[in-house]
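Chemist: Dropping the structure in here first, questions after.
Values in this text are rule-based calculations from the coordinates and carry no lab data. In this text, all values refer to a predicted model and were calculated from it rather than measured experimentally. For neighbour counting, all protein chains shown are included, and Cβ atoms are generated from backbone atoms with ideal geometry for every residue, glycine included.
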């Protein structure tokens, strides 16, 4: 077997995403044949002894791809040092290690992917690939059409120019539970980068507040009947479509 980059081997073994695997290497938690590994290093799992936190690198596991509707208040990390509930805790995994791909901030809701397939997740969800994310957003006060056009044209945030790919008035899909006393206007918004809290920061730049933010789509993947807290295994065609970069 030929050598491969360590972060790829770690991701394929289901221990972490590729970016998280790189951090494991930077932190000195990965050893190859007893020597602390370096970023950029390659190894052959058939002949080299690769260890993460002192344990041998497991063999590659069956790829798992789950779609889940994250409720508000759940973290989109695998675990939390303060003991707060993670979205992973909603899934019965029979011992498989999963991590969230395409994260949401704690107060946001909606579609996420849980997987042990780090290579696939990096290919699908890394910001440089521009996979479209779609959201139902409750905005107050209700924005004017001129405001929405400004966001489509682009504004400057603290980390550079940003814009919405699309923004229009639309009620949320049936999977989103509504509040009787909600105020403002529901929009359907789409973004291509997925920077941290990007939708919230875009509207804040125009003095508008995002009261609720529910992700309803990642590329061609949709909630498809998932209510808050529910999850399902992704179909093979859904996995393949995201990998191929199909977007709506």
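Chemist: Could you calculate the contour length gain from residue 201 to residue 232, that is, 0.36 nm times the residue separation minus the distance between their Cα atoms, to one decimal place in nm? Spell out each step's value before the answer.
Modeler: Values: separation 31, 0.36 × 31 = 11.16 nm, distance 3.09 nm.
This chain segment gains 8.1 nm when fully extended.
Chemist: Starting from a Cα-only point model with no solvent, please compute log10 I(q)/I(0) by Debye for the chain at q = 0.09, 0.11, 0.14 1/Å.
Modeler: Debye curve over Cα of the chain, log10 I(q)/I(0) at q = 0.09, 0.11, 0.14 Å⁻¹: -0.44, -0.64, -0.96.
Chemist: At 7 Å along Cα-to-Cβ for each site, give me the label-to-label distance between residue 152 and residue 126 in nm.
Modeler: Those two pseudo-labels are separated by 3.2 nm.
Chemist: Which parts of the stretch 200-224 would a label at residue 170 reach, counting a residue when its backbone N lies under 15 Å from a point 7 Å out along Cα-to-Cβ?
Modeler: 214-224
Chemist: Same structure again: Using the basic label-point model (7 angstrom from Cα toward the beta carbon), what is the residue 8 to residue 38 distance in nanometres?
Modeler: 2.0 nm
Chemist: Taking every eigenvalue of the Cα gyration tensor of the stretch 4-56, multiplying by 5 and rooting it, what semi-axes result, largest first, whole Å? Walk me through the intermediate numbers first.
Modeler: Values: eigenvalues 38, 29, 21 Å².
Each semi-axis is √(5λ); the values are 14, 12, 10 Å.
Chemist: What shape does the stretch 92-188 have by the C-alpha gyration tensor, where a ≥ b ≥ c are the square roots of the eigenvalues, rounded means a/c under 1.5, and otherwise prolate means a/b greater than b/c and oblate the rest?
Modeler: Working: a/c = 2.79, a/b = 1.43, b/c = 1.95.
Oblate, because a/c is 1.5 or more while a/b does not exceed b/c.
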